[in-house]
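Everything below concerns the one structure shown next.
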Amino acid sequence: MVIQSDVFWKAFVLTLIIFLLGIFVGFWLDNARVEQIRKEYKEMEISSIDARLQTLYYQIFKNSSNFCEPAIEENLRFADKIYAEGLRIEQYEKINKLTPSLISDKRRYMLLKLQFWLNCIELKRNCNASYTNVVYFYSGLNETTEEYVQGVVLMDLKESCGRDMMLIPLAVDLNITTIDIVKRQYKITTTPTILIDEEIKLEGPQKRSDLERYIKCE
């Protein structure tokens, strides 16, 4: 009986250690993911400041000679960077729940996307750039199946179009004043909604074949 009792307690202690170790490892992994997301967003903050300075530069020097070619090239490179980093961040968000701190970080990321969109508009007006601006309005807190599928369709189209298409996904429910202004201006009342070149508004899910009628890729 003594031997059986001793074996029982050893098994109990071992099980308890494994259980606590599992909790610790899970907690450590969650924290590691959150820290990685924060690192990504810190890079986004730096890029956001850079984007605002770019906008100011475009406004000041738009009438200078040899302005358009380098300005468009840099904004396109910025587009590639923000697009790639955005994909990585969204993958992290799928793994982790949207905690208050992550929601705050996501709001900063939306502001960066807004700044990029303004840069795209400024360059199209001043330099006759040929790319298509595609703003995608969706729910950042409660994404529906329709919104998820629409996002996949748009990302697939973006992959095909490359620099001929500027994809700017904007979450409409993160309490961002500028996005609220845009919603009122364009009467965005439902998601998903797609705005093409600040003129064409498509409400509800759109097939790729329908989008290709408005988005021309070489």
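The values are calculated or read from the model by the stated rules, or taken from the named source; none is laboratory data. Quick caveat: nothing in here was measured; it's all calculated off a predicted structure. All Cβ positions, glycine included, derive from the backbone under ideal geometry; neighbour counts span all protein chains shown.
Hey, among Arg208, Arg163, which residue is closer than 28 Å to Glu74 by Cβ and outside the structural domain of Leu53 (by TED's automatic domain parsing)? Every option except Arg163 fails the conditions. The selection criterion, being within 26 Å of Asp50 (Cβ to Cβ), at pLDDT below 90, crowded, with 18+ Cβ neighbours inside 10 Å and of a type in the set (Ser, Thr, Tyr), holds for Tyr109. Checked against the criteria, Ser139 does not count as of a type outside the set (D, E, K, R), surrounded by fewer than 19 Cβ atoms within 10 Å (Cβ to Cβ), at pLDDT 75 or above and not assigned by TED's automatic domain parsing to the domain that holds Glu199. Listed conditions (1) under 23 Å from Lys124 (Cα atoms); (2) modelled with pLDDT of 95 or more; (3) not in a helix (DSSP H, G or I); (4) not basic (Lys, Arg) are all met by Met166, apart from (2). Taking first residues from the range 179-198 that are closer than 15 Å to Ile215 by Cβ and touching a residue at least 60 places away in the same chain (Cβ under 8 Å) and partners that are in a helix (DSSP H, G or I) and among the hydrophobic types (A, V, I, L, M, F, W, C), the Cβ contacts under 8 Å between residues at least 6 apart in sequence or on separate chains come to Ile194/Leu154; Ile194/Leu211; Glu198/Ile121. Just one of the listed residues (Ile200, Ile181, Ile188) is under 15 Å from Val135 (Cβ atoms), exposed (fewer than 13 other Cβ atoms within 10 Å of the Cβ) and not basic (Lys, Arg), namely Ile181.
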